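These notes are about the structure you will find just below.
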Amino acid sequence: MSGRVPMLEAASVTKTFVVGSRFRSGGIQHVQALSDVSLKVFAGETLGLVGESGCGKSTLGRCLLRLYDLNGGRITFKGRDISGLGQRELRPLRADMQMVFQDPYASLNPRRRVGDLIAEPLRVHGRRRESEVQDRLRELMDLVNLSPEFLTRFPHEFSGGQRQRIGIARAIALAPSLIVADEPVSALDVSVQAQIVNLFMDLQDKLGLTYVFIAHDLSVVRQIATRTAVMYLGGIVELGETDRVLHRPAHPYTAALISAVPEPDPQGNIRARTILRGEPPSPTNPPPGCRFHTRCPIAQERCRVEVPLLRPLEDAHSVACHFPLDGPNLPNGAAPGHA
């Protein structure tokens, strides 16, 4: 993909939040949610973002759409630098870059009917005459496999999966080219998750969509993502084709994530697991050197003092590790899991 022009590119993006108060114990603290994050998203692909809670996945997703201002770095969308654009300048671009939120219960206004919720972006951006809105609403409901009769109902009358379909219909109403999906299935029952993932894939085929798909469930990422970026404590530690990352991880943290995935074995064999010691460091006081060294089973002295850069290995596969794992060999004898 080195010769292709990305639809979306993040270059050395940093994001810091200020927490606390000078009137309380602890005073004001700075949480570095993202630290020097760089990645590219190409048209028609699905880039998966995975990692533990608090690693910065959702913050990165919001930064990519400029829902958050950046503290450093650059975001380029379709060749245009949008990093410093104000809200008025961003507004024309909003139609082309949309978001599907995690919680289908919180993302829909309970006081408004479904038809009004889905039609709102059409009216705000003036993309349809009022006489055409109803036709577009019926078309959108058909795309997400819901009956047009539901347009007059309120969100509380639907199940979680149906609400997420409504949220997806709202996101595609303006025919965007890019959608950032922030853990869109994590709040749903397992039986419904597969249906929503299949819907995302069907819409991608029909509408030519490009996704940044945020998830913590590796099985979901394996099903939908073309490439996968693994995040830890505000940075990307591994990036590459999904099958390559999940079957031959190069970073010890990726290997630990994979080994934690339950894998049924009719023979009753117990698979060796990579157990990470301790808890993730505080983002208000990250450790020097590699941020993973405090939990890494193969950390050496160099890891404690030198920050590893995301560097290419092979086949468009990159890793931020001074001592990347050799192919399928994992620390502690663990074997790659089928996520």
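The values are calculated or read from the model by the stated rules, or taken from the named source; none is laboratory data. Just so it is clear, the structure is predicted and the values come from calculations on it, not from any experiment. All Cβ positions, glycine included, derive from the backbone under ideal geometry; neighbour counts span all protein chains shown.
Can residue 218 be described as surrounded by fewer than 21 Cβ atoms within 10 Å (Cβ to Cβ), in contact (Cβ under 8 Å) with a residue 24 or more places away in the chain and either touching a Pro at 6+ places or on another chain (Cβ under 9 Å) or not hydroxyl-bearing (Ser, Thr, Tyr) (or both)? Against the criterion (surrounded by fewer than 21 Cβ atoms within 10 Å (Cβ to Cβ), in contact (Cβ under 8 Å) with a residue 24 or more places away in the chain and either touching a Pro at 6+ places or on another chain (Cβ under 9 Å) or not hydroxyl-bearing (Ser, Thr, Tyr) (or both)), residue 218 does not qualify. Out of all the residues in segment 223-236, is one or more part of a helix (DSSP H, G or I) and closer than 28 Å to residue 177 by Cβ? For segment 223-236, residues part of a helix (DSSP H, G or I) and closer than 28 Å to residue 177 by Cβ: present.
Check segment 118-140 and report whether any residue there is touching a residue at least 60 places away in the same chain (Cβ under 8 Å) and surrounded by 15 or more Cβ atoms within 10 Å (Cβ to Cβ). No; the residues of segment 118-140 include none that is touching a residue at least 60 places away in the same chain (Cβ under 8 Å) and surrounded by 15 or more Cβ atoms within 10 Å (Cβ to Cβ). Just to be sure, is residue 201 in contact with a Lys or Arg (Cβ under 6 Å, 6 or more places away or on another chain) and either among the small types (Gly, Ala, Ser) or modelled with pLDDT of 95 or more (or both)? Against the criterion (in contact with a Lys or Arg (Cβ under 6 Å, 6 or more places away or on another chain) and either among the small types (Gly, Ala, Ser) or modelled with pLDDT of 95 or more (or both)), residue 201 does not qualify. In this structure, is residue 43 farther than 19 Å from residue 283 by Cβ, assigned to a loop (DSSP other than H, G, I, E, B), at pLDDT 95 or above and hydrophobic (A, V, I, L, M, F, W, C)? For residue 43, the condition - farther than 19 Å from residue 283 by Cβ, assigned to a loop (DSSP other than H, G, I, E, B), at pLDDT 95 or above and hydrophobic (A, V, I, L, M, F, W, C) - is met. The set of residues in segment 8-40 that are in a loop (DSSP other than H, G, I, E, B) and within 16 Å of the chain's Cα centre (by Cα) is empty.
Scan the helices (runs of 4 or more DSSP H) fully inside segment 49-146 and keep the ones with 1 or more residues being closer than 30 Å to residue 261 by Cα. Give the derivation first.
Working: elements: 57-64, 87-94, 114-125, 130-143.
By residue number, 57-64.
Search segment 21-43 for residues that are more than 16 Å from residue 237 (Cβ to Cβ) and pair each with any residue that is surrounded by fewer than 16 Cβ atoms within 10 Å (Cβ to Cβ) and of a type in the set (A, V, I, L, M) when their beta-carbon atoms are under 7 Å apart and the residues are at least 6 apart or on different chains. Here the result reads 21/28; 22/28; 28/18; 29/19; 30/18; 31/19; 42/1, each pair linking segment 21-43 to a residue that is surrounded by fewer than 16 Cβ atoms within 10 Å (Cβ to Cβ) and of a type in the set (A, V, I, L, M). When you check residue 197 against the structure, is it within 25 Å of the chain's Cα centre (by Cα) and part of a helix (DSSP H, G or I), yes or no? Judged against the criteria, residue 197 is a match.
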